[in-house]
Structures are given as structure tokens and as C-alpha cells.
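Structure, as C-alpha cells:
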Amino acid sequence: MEDTVQQIAKTNEEQMQHLTNLGEVVQNDVGNYLVIDDGVISKPIRKTLDGQVLYELEEGHELRIKTKVPSKWILQDTETGEVYRGTSRTDIYTQWELIGKLNN
């Protein structure tokens, strides 16, 4: 995900400034980073491959994408490095297929 934020910073300064103004992205000497903390701090703490600290919620949270072209969507688990592509299958456990794993 950080790669996506870095690409936005390189190609669309106006969009990056908008995200910064909204508080969605923090800019520093190293680069631009997504703001993950939504004010809900619970345990346990997890870390992304690049060392960013994340707070685990007490219950699972459903994220949905409604699209006519599921295969255009990519999902990256920043904790494990696994990368998935959307499928046209409707069963919840087969909607995403593993297509690779990023090295840390």
C-alpha cells in the first residue's frame, strides 16, 4: 500500500495534497505515509513488513468492493506480504486468489 501512496505522490501532487489536507497521509523527510490509526486503540499490536505498528480490532471488520470486473482489483496484506487478485466467484472464501507474496 505504501508503494501506491508513493506513486500518487510522484504522479499527482494535487491528489497527494488533498489526502494530506484530509489527514489521510503524513509527509515527512523519508516520504509519504498512510495514516492507519483511526483513534481506536486495542490489542494485540501487529506490524507491517516495513515496521508500521497496527492495532488489532476486537472483532472482524468486513470490507467490500462492488464491481463488474473483480479481476482488476488487487489486495495486499501488508503484514504477511501476500497479494491477492479478485475473482468472479461468489463464495466468500474464494473471492480472492493468492497471486504472489512480497519479500520483506
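The values are calculated or read from the model by the stated rules, or taken from the named source; none is laboratory data. Since the structure is predicted, the reported quantities are computational estimates derived from the model, not experimental observations. For neighbour counting, all protein chains shown are included, and Cβ atoms are generated from backbone atoms with ideal geometry for every residue, glycine included.
Candidates are the residues of segment 78-100 that are charged (D, E, K, R) and modelled with pLDDT of 90 or more; the one that is nearest to K47 (Cα to Cα) is E82. Each residue in segment 44-62 was checked for being in contact (Cβ under 8 Å) with a residue 12 or more places away in the chain and in a loop (DSSP other than H, G, I, E, B), and 8 of them qualify. All of (1) modelled with pLDDT of 85 or more; (2) touching a strand residue (DSSP E or B) at 6+ places or on another chain (Cβ under 6 Å); (3) not in a strand (DSSP E or B) hold for I65 with one exception: (2).
Going by what's in this entry, would L75 be described as surrounded by 11 or more Cβ atoms within 10 Å (Cβ to Cβ), touching a Phe, Trp or Tyr at 6+ places or on another chain (Cβ under 7 Å), farther than 28 Å from K10 by Cβ and at pLDDT 80 or above? Considered against the rule, which asks whether it is surrounded by 11 or more Cβ atoms within 10 Å (Cβ to Cβ), touching a Phe, Trp or Tyr at 6+ places or on another chain (Cβ under 7 Å), farther than 28 Å from K10 by Cβ and at pLDDT 80 or above, L75 comes out as no.
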